[in-house]
Structure formats: C-alpha cells, structure tokens
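One structure is given here, and the rest of the page talks about it.
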Amino acid sequence: MAKPNQLNQSMRTYHRYLGFFLAGIMAVYAISGMIMVFRNTDFLKNVVKIEKTVEPNLKAEQLGPILKMKVNVEKEENGIIFFKGGQYNVQTGALKAEKKELPFILDKMEHMHKATSNDPLFYLNLFFGASLLFFVISSFWMFLPGTKVFKKGIYFTLGGIILTLIMLFV
C-alpha cells in the first residue's frame, strides 16, 4: 500500500487532470441541467410548423412517429383528427402541426443528459457519473486532515449533506 503522503499526492494529481479532461462535459451537463428545469415551459423553445401530406386513412397512433411527438386526440370531426398542436385530414392525408423545440445544440445537450440504457451514450454517462463520484471522494485528499481548511471543508460538507437531505425530502 502507498504511503499516506504518496496517496494524497496521487489523489490530487488524478483529481486535477480528470477535472481538466472533463471540463467540457461538466459544462454541458451544467447547462443542460439548468435548461431542463424549464422543460415544462416554452423557455428558449422555437415553434416549428409542419405541413405535409402523408398517407390517407392513418390512425392517430401512427401520426406520433411521423411527427416525432406525442399525439393525443382531442376530437374527430368530418374526417379530421384534431390533436394538441395540429390536425390530420384522414381522406386527403394533409397533416398540419406545430411543435416547440429547443435550438439544435441545446436539444443535443439535453438528449445527452437524458440518455438511457437504450442509447449508445449511456456508457459515457456511466463513466461521467463514476468520475463525479471520484471527485467527491478525492476532494477529501486535497488538504491535510489536521489543517484549518480541511476542518472548515468538513463543516461545508456537512452543510451540503443537510441541504441535500432537505431537498430530497421536501
């Protein structure tokens, strides 16, 4: 096993260079995380109008994949299916819809942030999550335990844990 001084130095070195390496991805997750707080609003979203002719006689559930959005039928009247944000003429195949989307780069950032196990990005998300966990642990090796700054750091850590518990249970 490494000497404590050598372990401290190694942890500090790994912490430093991993931090530099992940600076870009941390910025992406920070920005997309803040934007996702407003996902139930129209903040930063642009209206995209869709007008196209598709196959006639489609069912409402077949429109969702075409539009790349959820289609909940509000009513059907005179061969026209009305749904939130649009309408579809069953006889002619005329499809009109509006949807709200984030700008391209912000949409890509949000997609990466929300990647699931079905997405190839999930391996990178797991690596990033493990790296953040390493940052949490290695931060305790940044200062010697007997120093004032370490003791103050422990108080801040306890404050952060208490704030986290409050946020989780409120």
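The values are calculated or read from the model by the stated rules, or taken from the named source; none is laboratory data. These numbers were taken from a predicted model, which means no experiment stands behind them. Cβ: placed from backbone, ideal geometry, glycine included. Neighbour counts: every protein chain shown.
So the values come out like this:
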item	result
Within segment 110-128, tally of residues that are in a helix (DSSP H, G or I) and either of a type in the set (Phe, Trp, Tyr) or farther than 26 Å from Leu44 by Cβ (or both)	5
Every pair of residues 6+ apart whose Cβ atoms lie under 6 Å, when the first sits in segment 54-77 and is in the same structural domain as Gly93 (by TED's automatic domain parsing) and farther than 19 Å from Leu102 by Cα while the second is small (Gly, Ala, Ser) and in a loop (DSSP other than H, G, I, E, B)	Val54/Gly93; Glu55/Gly93; Pro56/Gly93
Failed item, numbered, when Asn8 is tested on (1) part of a helix (DSSP H, G or I); (2) not assigned by TED's automatic domain parsing to the domain that holds Ser139	(2)
Residue within segment 34-47 that is loosely packed, with under 15 Cβ neighbours inside 10 Å and more than 27 Å from Phe104 (Cα to Cα) present	no
Any hit, segment 87-97, residues being under 19 Å from Asn46 (Cα atoms), surrounded by 12 or more Cβ atoms within 10 Å (Cβ to Cβ) and not assigned by TED's automatic domain parsing to the domain that holds Ile31	yes
Single condition Phe169 does not satisfy, out of (1) farther than 29 Å from Leu22 by Cα; (2) more than 23 Å from the chain's Cα centre (by Cα)	(2)
Test: Ile31 is closer than 25 Å to Leu126 by Cα and surrounded by 15 or more Cβ atoms within 10 Å (Cβ to Cβ)	yes
Residue within segment 99-109 that is over 25 Å from the mean Cα position of the chain (by Cα) and surrounded by fewer than 14 Cβ atoms within 10 Å (Cβ to Cβ) present	no
Count of residues meeting criterion [loosely packed, with under 10 Cβ neighbours inside 10 Å and modelled with pLDDT under 90] in segment 110-148	2
Residue, farthest from Ser32 (Cα to Cα), within segment 42-99, restricted to residues that are β-branched (Val, Ile, Thr) and in a loop (DSSP other than H, G, I, E, B)	Thr92
